[in-house]
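K.L.:
Okay, handing you the structure first.
Read-outs: derived from the displayed coordinates by stated rules, not from any lab. This one's a predicted model, so the numbers in the text were calculated from it and none came from an experiment. Backbone-built Cβ (ideal geometry, glycine too); neighbour counts: all protein chains shown.
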Amino acid sequence: MVLALDRLAVLAGRSWHVTDLPGGLTNRNVRVTADDDGPPLDVVVRCSSGDAALLGIDRDAEHLNTALAAEAGVGAPVVEYRPELGMLVIGFLPGRALVDADFADPGVLSRAALACRRLHAGPRFVNDFDMFSRQAGYLATVRGNGYPLPPGYDDHADAWGDVRRALATAPRPSVPCNNDLLAANYLDDGTVVRLIDYEYSGNNDACFELGNTSTECNFTPEMTEAWTEAYFDKLTRADLARVRLQALCSAYGWSLWGFIQAATSPIDFDFHGWGMERFEKAEATFRGPDLDSLLEDVAHG
């Protein structure tokens, strides 16, 4: 790692110190600060690992979208991109990575919603993201390689089609989305929230972003309502239903990411359990009493 960092132009001729940052299941992230008397230097180096193509990660799009998110005022500036080294260097952003419980604070919830709105109002990203296409690609990867899939996953194929048709009946313009906004990808300095990690970014339905956060951060139904209202400024049945259906899409689609990682990743992490947690959330909605009303509210919203 040190030898690879030595090859970065931003560190050439400098004396610097490296600190590992927590998190990252497809990256190793390190903070690098200067130890010399030169210009101030405080950057994060995202070092890619694993088979990005297997997971549908486009590192070039990640780089360009990260820069566009910075242009929108919500992401870290890009300092250097070295694809041959598997490294993206971005400016260090002050603030604390959120945890799920933080969203119970109305101030945090409001700042996080504003960060999403700023990203969505910013420059369009260089690619598109659609969870229905992503899920189909992941499922083909799982089947083509014989990776284990939980019993019952395919039981919901018809309902999955119903969800897709309902969302398409009342389509909304796509906006630049992060698409992977778990709590740790929100950085809060107490005044402003910024968003990091654009591996899966692309233009998408804004409600997928909201639904993704609501399921990843284990929102209660009341928190999901408050979250939707914080983003849209008012709460409508159609908006709430769309967020809840997109939460289902997030859980059902991303669960396959976990099953692929469980079969392929060398990292010591319970990827199967991670995938099962999301699949079980999706299954609860598929089998729950609210699905038909959600489909109707979205289609007529």
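K.L.:
Toward the positive end of the charge dipole of the chain, about the Cα centre and with charges on Cβ (Lys, Arg +1; Asp, Glu -1), which of A34, V142, A61 goes farthest?
P.N.:
A61
K.L.:
List the residues, sorted by chain then number, that are 5 or more residues from V79 or on another chain and whose placed amide H is less than 5 Å from its amide H.
P.N.:
The answer is V89, I90, G91.
K.L.:
On to the next question. Based on DSSP H runs of at least 4 residues, each adding -39500 (n - 2.57), what is the mean residue ellipticity at 222 nm of the chain after dividing by all its residues, to the nearest 500 deg cm²/dmol?
P.N.:
Working: 10 runs with 137 residues, N = 301.
Result for the chain, helices only: -14500 deg cm²/dmol.
K.L.:
Please name which of G91, A284, F125 has its Cα lying farthest along the dipole of the chain towards the positive end, using unit charges on Cβ (Lys, Arg +1; Asp, Glu -1) and the Cα centre as origin.
P.N.:
Of the listed residues, the answer is F125.
K.L.:
Hey, could you pull the Cα Rg and Dmax for the stretch 96-299, both in Å?
P.N.:
Just the Cα atoms of the stretch 96-299 yield Rg and Dmax of 16.4, 48 Å.
K.L.:
Simple spin-label model, 7 Å along Cα-to-Cβ: T169 to A101 in nm?
P.N.:
Going from the T169 label point to the A101 one covers 4.2 nm.
K.L.:
Give the Cα extents of the stretch 2-91 along the principal axes, in whole Å, largest first.
P.N.:
So the three principal-axis extents are 42, 30, 24 Å.
K.L.:
So, one more: Dipole size in debye (nearest 20) for the chain around its Cα centre, Lys and Arg Cβ +1, Asp and Glu Cβ -1?
P.N.:
480 debye
K.L.:
Which of rounded, prolate, oblate describes the stretch 221-275, given a ≥ b ≥ c as roots of the alpha-carbon gyration tensor eigenvalues and a/c under 1.5 marking rounded, otherwise prolate only if a/b is larger than b/c?
P.N.:
Working: a/c = 4.40, a/b = 3.07, b/c = 1.43.
In terms of gyration-tensor shape, prolate.
K.L.:
When S15, S265 are ordered from fewest to most other Cβ atoms inside 10 Å of their Cβ, what list results? Numbers along the way, then the final one.
P.N.:
Numbers: S15 11, S265 18.
By the 10 Å Cβ count, ascending, the order reads S15, S265.
K.L.:
What are the ³J(HN,Hα) values, in whole Hz, obtained from phi via the Karplus relation 6.51 cos²θ - 1.76 cosθ + 1.60 with θ = phi - 60°, for each residue of the stretch 162-176 in sequence order, with x given for Gly and Pro?
P.N.:
Rounded to whole hertz, the list is 5, 4, 4, 5, 5, 5, 6, 5, 10, x, 10, x, 7, 9, x.
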